[in-house]
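J.: The following block contains the structure, expressed as structure tokens.
The values are calculated or read from the model by the stated rules, or taken from the named source; none is laboratory data. Given the structure is predicted, the values throughout are model-derived calculations rather than measurements. When we count neighbours, we look across all protein chains shown, and the Cβ atoms used for this are built from the backbone with ideal geometry, even at glycine. With ligands, DNA and RNA removed, areas are computed over all heavy atoms of the protein, side chains included. Shrake-Rupley method; radii C 1.70, N 1.55, O 1.52, S 1.80 Å.
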Amino acid sequence: MDLIEMNSPSLEAALSAGEIDLGVLHPPLSAPDLVVLDLPDEALFLALPATHRLADQPAIRIADLEGEPFLLAPRSIGPSIYDRVIALFQAEGISPRIVQEVTPMTTLTGLVVAGAGLGFVTAGIAKVARPGVTFRPVVPDPPSLPLAAAWRGPALPASDQLFLDIVTEFSKR
């Protein structure tokens, strides 16, 4: 089994083309030939420099981010996260000041450390300690990102089914 990191649109295309057997990605998907198993949403955390004025707060309000430089995945790569972040800000009557579109989230985290801005990352990224960056939840309504497994139907090879079983079990925690 080879593990390959790709953004969700690239994973969907690779699945449809038969280049990969199974993908864990962020829906919605547009390919009708794929079987999709919804997994629990993944929480998003705000990544900010450890020296930021809000870094000591246990949780951050979106209203406190007005005017802050923001890093966000391009909508073409991550429509789910892009739309959810924009909606969070709009609910507060403000617009994010997007200074750079960036992907993947590990690169976004590196830019946060460098002081380029703030941005949202998944809980999985936030669990990995990185010097110079602090991860905080957002209140009152923490954002999340849908997650799914997808494959070309109807059945998976045994090794892929085992991997899917592990992903499904792990996502319940």
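J.: Val99 fails exactly one of the following numbered conditions: (1) within 30 Å of Ala13 (Cα to Cα); (2) in a loop (DSSP other than H, G, I, E, B). What is the number of that condition?
T.: It fails just one condition, (2).
J.: Sticking with this one: Determine which member of the set Pro32, Pro28, Pro104 is closer than 18 Å to Arg130 by Cβ and not charged (D, E, K, R).
T.: Result: Pro104 is the single residue among Pro32, Pro28, Pro104 that is closer than 18 Å to Arg130 by Cβ and not charged (D, E, K, R).
J.: Right, next: Is it the case that Asp160 is open to solvent by less than 20 Å² (accessible area, probe 1.4 Å), out of contact with any helix residue (DSSP H, G or I) (no Cβ under 9 Å at 6 or more places or on another chain) and either at pLDDT below 95 or part of a strand (DSSP E or B) (or both)?
T.: The answer is yes for Asp160.
J.: For the stretch 68-96, what are the residues that are assigned to a loop (DSSP other than H, G, I, E, B), of a type in the set (S, T, N, Q) and free of Cβ contacts under 8 Å to residues at least 24 places away in the same chain?
T.: Residue satisfying the conditions is Ser95 alone.
J.: Take Asp21 and decide whether it is in contact with an Asp or Glu (Cβ under 8 Å, 6 or more places away or on another chain), closer than 21 Å to Leu156 by Cα and open to solvent by 60 Å² or more (accessible area, probe 1.4 Å).
T.: yes
J.: Moving on to the next point. Would a scan of the stretch 44-54 turn up a residue that is over 17 Å from the mean Cα position of the chain (by Cα), aliphatic (A, V, I, L, M), part of a loop (DSSP other than H, G, I, E, B) and surrounded by fewer than 15 Cβ atoms within 10 Å (Cβ to Cβ)?
T.: Within the stretch 44-54 (the criterion being over 17 Å from the mean Cα position of the chain (by Cα), aliphatic (A, V, I, L, M), part of a loop (DSSP other than H, G, I, E, B) and surrounded by fewer than 15 Cβ atoms within 10 Å (Cβ to Cβ)), the answer is yes, since at least one residue qualifies.
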